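**Q** Okay, handing you the structure first.
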Amino acid sequence: MEISSTYSPSSIEEKWYKHWMKESFFSSTPDEREAYTIVIPPPNVTGILHMGHMLNNTIQDALIRRARMNGKNACWVPGTDHASIATEAKVVKMLAEKGIIKEEIGREKFLEHAFEWKEKYGGIILEQLKKLGASCDWNRTRFTMEPKLSAAVEEVFIDLYNKGLIYRGARMVNWDPEGLTAVSDEEVIYTEENSKLYHVKYQIKDSQEFITIATTRPETILADTGVCVHPNDPRYTHLHGKKAIIPMVNREVPIIADEYVDMEFGTGCLKVTPAHDVNDYNLGLKHNLEVIDIIDDKGRLNEAATKYIGVDRFDARKAISKDLDALGQMVKVEEIQNKVSRSERTSAIIEPKLSTQWFVKMEAMAKPALDAVLSGEIKFHPKKFENVYRHWLENTKDWCISRQLWWGQQIPAWYAPNGEFAVAKNADEALVILQKTQPTLTSSDLRQDEDVVDTWFSSWLWPISVFDGFEKPEGEYKYYYPTATLVTGHDIIFFWVARMIMAGLEFKGEIPFKDVYFTGMVRDKQRRKMSKQLGNSPDALELIERFGADGVRTGLLMSSPAGGDLMFDEALCEQGRNFANKIWNALRLVKNWEVDHAIPQPAHSALAIEWFENKFQESLQSINSDFDQFRLSEALMTTYRLIWDSFCSWYLEIIKPAYQKPIDAKTLESTLKIFEDLMRILHPFMPFITEEVWHTVRDRKEGDCVIISAWPAAKSINEALLADFELAASAISEIRTFRKSQNIAQKNSLELFAKENEPINKNLDVVISKLGNLESIEYVADKLSGAYVFMVKANEYFIPLEGNVDIEAEKQKIEEDLKYTKGFLNSVMKKLGNEKFVANAPEAVIAGERKKQADAEGKIKILEEQLASLK
């Protein structure tokens, strides 16, 4: 079989992915095997493949491929999230470009356009995942807004409402003026930004006295309904019970005293704006202050402001600042840095706003979800995230789940004209409930709540709903649930992970998964988070095109410990591609050997096979342990070193026949078997090249593919042989060093003499002779003079110099080395002779210096012996 001189990833990747799909290797149906299930964190339908997706899905694919090879019924469920805010924004923009306004066409028509957009663009990211090699069961692809999953959302909403865990009420919420919706606390990000602190004078009623208040939001002065001071602040005790006059609107407001105020911050005087700050809202409730809401849904000042009506809040800020200055009430403006809250989805600055919304009570569900993790029933990898999880669940607030959007599951609540409402599956059921108090109501009197639920309110059901666990609890759900492993970013531990655990326990009485593997953030070499704005996020598909999917997968995993951020560098992908090329060249070497069935197996080859089989088992033990502990980066590196170093650099070099000579059949067969085992353990990481090598190593029957081959079985390890080989390898390395230092070609054979001071496995002498190109290895009782000396542990080796090197030049070289080493030892001894240093230096530092001393003394001894042997 003619093997291409270079490895061509693109054609090979396309060929094998098609083949795997045709053979239905990714498909799963319930049977007698143990299920191993992963549900994909559903990417947004608006999304395209980025580095985070690449890392996350490579890890999932590695886990699922290994489980498949371990004989488990591996099921990886793909799908997409409808992403309410992001998708609606895209569809609104698309319609606007056509001159269509969302509100003018109405909800039904808008949703038609949205579904059309989703059908056209929503599956792009899943197709891109196929390029990466993702072995999902594509027949099971789900979408969070498909009818069955939407029905599950409605069922859960009704269930929680009937249990008293969902309620509707007016609360201070995080309002996104760009997305025109409320967002939950977890969807708010805080950034340090340059801001201004405005110091404004408020006059005390019936007095010429003024107090100064510092604020970052002078536009909300128009909504102030109180001024607050600390009850123990001596500067303001005389003002308790008095009134202040709000600048510009001349509103009289009470001066209240509350320990909430920090006397040390600013002037120690706080303006209270209950409608536009959550802390002020709580203060207002406590002290019965008026609530004046002056900012509309789009972030503009409304009629209640009485001034600047219709002006954007930030433009109003500038205008008010000027007007206050003109009135003589602006004391000063300070440049500061402060935390600004922004919407995660639109990046708009959040407007705290009083609004009637739907909420989920979290406290009752939080405790069992916390217990499930702290008890070890669900394991986090790495474990450190348990503390983050615990902190959030112990301090969780009620979850605002209503969103002022049309794209999503509409809230199943119907309102009568008098404002009374009923939560039910449909209008008919709602009517029956409402008629209990309003018998004359008809269905035409009812209107459904306009809002939709938060996207996370659908995705928290994902591990259950993808198996239709609400509709058919006795069906496939029972076989596949709970799932095995969740792989996700630690940034959504609150949004998604905690809530899925709550949902699983609340609705099914079972945890949704057994292990959670948290990936880190993919950052650039400067440790910056990758983003379009910074232009530091490479095109994922372009990377695959340049380096091959296997190269990119390997590059990502090599530096990606669980939970640790990955400092991405294209050189990592290049290293992955080079690894693929190394494997390909090794394959070409082996397959191009001519075999002779008549020749016996050389002793060095038999030993090499025995050694490598044990080395393989040692590595397999480590790889299995790393997989079990979700140390995939370490598992890959062990595999990498086994193939690159142990197999290519040592094993193949030992068994390689002489130039233009054949190899014996027994060694070749063992080598092909070794190649197959190596491809098995590498397959989860590099699926494409391993399948190509598998089919190139030998002819295969239909369906005989590495993807469904058995994971190698663990066997006992001959530790003594591995240790002995390491000593032989050290001797070979010393011989190679000698050759290099003396410019002695490998084709020129050498003699080697050994003084055995501790037992040597002489069976390995044939390996040393082969790789060192030695005429002979002779064991001697005394040191050999006129020789190059090296030591492997306590054993001494001698290579005669006569005929190999210029003895005078060698003497000069050793003398120079000896002089330098003695000087180095002298400097170490001075340090160790310094009583102050020894008394004060850390133990580890002193131990390091003593090791330097021992190493230098050992080297001096060898150099002196070498020099003596030359005289």
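**Q** Using the Cβ atoms and a cut-off under 15 Å, what net charge is assigned to the surroundings of Leu446, where Lys and Arg are +1 and Asp and Glu are -1?
**A** Net charge around Leu446: -3.
**Q** Rounded, prolate or oblate: pick one for segment 552-647, where a ≥ b ≥ c are the square roots of the eigenvalues of its C-alpha gyration tensor, a/c under 1.5 means rounded, and failing that, prolate if a/b is larger than b/c, else oblate.
**A** oblate
**Q** Let's see if you can work this out: charge +1 on each Lys and Arg Cβ, -1 on each Asp and Glu Cβ, no other charges. What is the dipole magnitude of segment 695-820 about its Cα centre, in debye to the nearest 20?
**A** In total the dipole reaches around 520 debye.
**Q** Still on this model: Let's see if you can work this out: charge +1 on each Lys and Arg Cβ, -1 on each Asp and Glu Cβ, no other charges. What is the dipole magnitude of segment 221-290 about its Cα centre, in debye to the nearest 20?
**A** So the dipole magnitude of segment 221-290 works out to roughly 280 debye.
**Q** Here is a further query. Rounded to whole Hz and in sequence order, give me ³J(HN,Hα) for segment 802-819 from the Karplus expression 6.51 cos²θ - 1.76 cosθ + 1.60, θ = phi - 60°, writing x for Gly and Pro.
**A** Working through the residues one at a time gives 4, x, 10, 9, 7, 5, 5, 5, 5, 4, 5, 5, 5, 4, 5, 5, 5, 4 Hz.
**Q** Here's another thing I want to ask about it. Let a ≥ b ≥ c be the square roots of the eigenvalues of the Cα gyration tensor of segment 589-721; is it rounded (a/c under 1.5), or, if not, prolate (a/b larger than b/c) or oblate?
**A** Judged from the Cα gyration tensor, segment 589-721 comes out oblate (a/c at least 1.5, b/c at or above a/b).
**Q** Decide, for segment 242-290, between rounded, prolate and oblate: order the square roots of the alpha carbon gyration tensor eigenvalues as a ≥ b ≥ c, take rounded if a/c falls under 1.5, and otherwise choose prolate if a/b is larger than b/c, else oblate.
**A** oblate
**Q** Less than 15 Å Cβ to Cβ from Leu607, Lys/Arg counted +1 and Asp/Glu -1: what total charge do the surrounding residues give?
**A** So the surrounding residues net to -2.
**Q** State in Å² the accessible area per residue of segment 607-742; use a 1.4 Å probe, count heavy atoms of protein chains only, and round to the nearest integer.
**A** Here the residues of segment 607-742 average 39 Å² of exposed surface.
**Q** Mind pulling the angle between the C-alpha long axis of helix 84-97 and the longest principal axis of the chain? Nearest 10 degrees, somewhere in 0 to 90.
**A** Roughly 70 degrees, rounded to the nearest 10.
**Q** Ignoring ligands, DNA and RNA, what percent of the accessible area of the chain is carbon or sulfur (1.4 Å)?
**A** Carbon and sulfur: 49 percent of the exposed surface of the chain.
**Q** Let me ask another. With charges set only on the Cβ (+1 for Lys and Arg, -1 for Asp and Glu), what does the dipole of the chain come to about its Cα centre, in debye to the nearest 20?
**A** Approximately 960 debye in magnitude.
**Q** Here is a further query. Ignoring solvent entirely, what values of log10 I(q)/I(0) come out of the Debye formula for segment 1-125 at 0.14, 0.21, 0.22 Å⁻¹ when each Cα is a single scatterer?
**A** Each listed q maps to, in turn, -0.83, -1.20, -1.26.
**Q** So, for segment 89-243, what is the accessible surface per residue at a probe of 1.4 Å, expressed in square angstrom?
**A** Accessible surface, normalised per residue, equals 47 Å².
**Q** Let me ask something else about it. Among Ser135, Tyr17, Ser4, whose Cα sits farthest toward the positive end of the charge dipole of segment 1-140 (+1 at Cβ of Lys/Arg, -1 at Cβ of Asp/Glu, about the Cα centre)?
**A** It is Ser4.
**Q** Report, in listed order, any pair from Lys591/Lys661; Lys770/Lys813; Lys831/Lys851; Lys15/Lys131 with a Cα-Cα distance greater than 18 Å.
**A** Lys770/Lys813
**Q** Using alpha carbons only, how many angstrom separate the centre of segment 13-33 from the centre of segment 533-609?
**A** What the calculation gives is 24 Å, centre to centre.
**Q** Then there's this: Once the Cα atoms of segment 194-305 are picked out, what are the Rg and Dmax in Å?
**A** In order Rg, Dmax, the Cα atoms of segment 194-305 give 13.4, 42 Å.
**Q** Tell me what the chain gives for mean residue ellipticity at 222 nm when only DSSP H runs of n ≥ 4 count, each as -39,500 (n - 2.57), the sum divided by the residue total, rounded to 500 deg cm²/dmol.
**A** Calculated at 222 nm, the ellipticity per residue is -13500 deg cm²/dmol.
**Q** Mind checking the angle between helix 719-742 and the chain's longest principal axis? C-alpha axes, 0 to 90 degrees, to the nearest 10.
**A** 70
**Q** Additional query: What is the distance in Å between the Cα centroid of segment 371-404 and that of segment 479-525?
**A** Here the two parts' Cα centres lie 10 Å apart.
**Q** Still on this model: Residue by residue, what Karplus-based ³J(HN,Hα) values in Hz, rounded to whole numbers, does segment 444-457 have, using 6.51, -1.76 and 1.60 with θ = phi - 60° and x for Gly and Pro?
**A** Once rounded to whole Hz, the list reads 6, 7, 8, 10, 7, 3, 6, 6, 10, 7, 3, 3, 5, 6.
**Q** Convert each backbone phi in segment 401-407 into a coupling constant with the Karplus relation 6.51 cos²θ - 1.76 cosθ + 1.60 (shift: θ = phi - 60°), then list the ³J(HN,Hα) values in order as whole Hz, x for Gly and Pro.
**A** Calculated HN-Hα couplings, in order: 10, 8, 10, 8, 9, 10, 8 Hz.
**Q** Right, something else. Could you give the length gained by full extension between Asp325 and Gln526, i.e. 0.36 nm per residue of separation minus their alpha carbon distance, to one decimal place?
**A** Roughly 68.0 nm would be gained on extension.
**Q** Counting pairwise Cα distances across segment 763-840, what percent come out greater than 19 angstrom?
**A** Summing the P(r) of segment 763-840 above 19 Å gives 59 percent of all pairs.
**Q** So what's the net charge close to Gly520: Lys and Arg +1, Asp and Glu -1, counting the other residues with Cβ under 13 Å from its Cβ?
**A** Here the charged neighbours net out to +2.
**Q** I'd like the orientation of helix 549-558 relative to the chain: the angle between its Cα long axis and the longest Cα principal axis, in ° from 0 to 90, rounded to 10.
**A** That works out to roughly 90 degrees.
**Q** Further question: Running Debye on segment 696-783 with equal point scatterers at the Cα sites and no solvent, what base-10 log of I(q)/I(0) appears at q = 0.13, 0.22, 0.23, 0.24 Å⁻¹?
**A** -0.62, -1.09, -1.16, -1.23
**Q** Sticking with this structure for a sec: Report the one residue of Trp399, Ala170, Ile760 whose Cα lies farthest in the direction of the positive end of the charge dipole of the chain (charges on C-beta: Lys and Arg +1, Asp and Glu -1; origin at the Cα centre).
**A** In the chain, that residue is Ile760.
**Q** OK, next. Using only the Cα atoms of segment 413-508, what do you get for the radius of gyration and for Dmax, in Å?
**A** Final numbers for Rg and Dmax: 18.3, 54 Å.
**Q** Next up: Return the whole-Å distance between the Cα centroid of segment 339-365 and the Cα centroid of segment 763-806.
**A** Computed from Cα coordinates, the inter-centre distance equals 76 Å.
**Q** Identify, among Asn232, Ile599, Ala62, the residue whose Cα sits farthest towards the positive end of the charge dipole of the chain, taking +1 on the Cβ of Lys and Arg and -1 on the Cβ of Asp and Glu, with the dipole about the Cα centre.
**A** In the chain, that residue is Asn232.
**Q** Taking every DSSP beta bridge with both residues inside the chain, roughly what % is antiparallel (nearest 5)?
**A** Restricted to the chain, the bridges split so that about 70 percent are antiparallel.
**Q** Here is a further query. Over all Cα pairs of the chain, how is the pair count split among 20 Å bins, expressed in % and running from 0 up to the last occupied bin?
**A** 12, 32, 29, 18, 9, 1, 0
The values are calculated or read from the model by the stated rules, or taken from the named source; none is laboratory data. Remember, predicted model here, so these are calculated numbers, not experimental data. Here Cβ is always computed from backbone atoms with ideal geometry, including for glycine, and neighbour counts include all displayed protein chains. Accessible surface areas use protein heavy atoms only, side chains included; no ligands, DNA or RNA. Shrake-Rupley method; radii C 1.70, N 1.55, O 1.52, S 1.80 Å.
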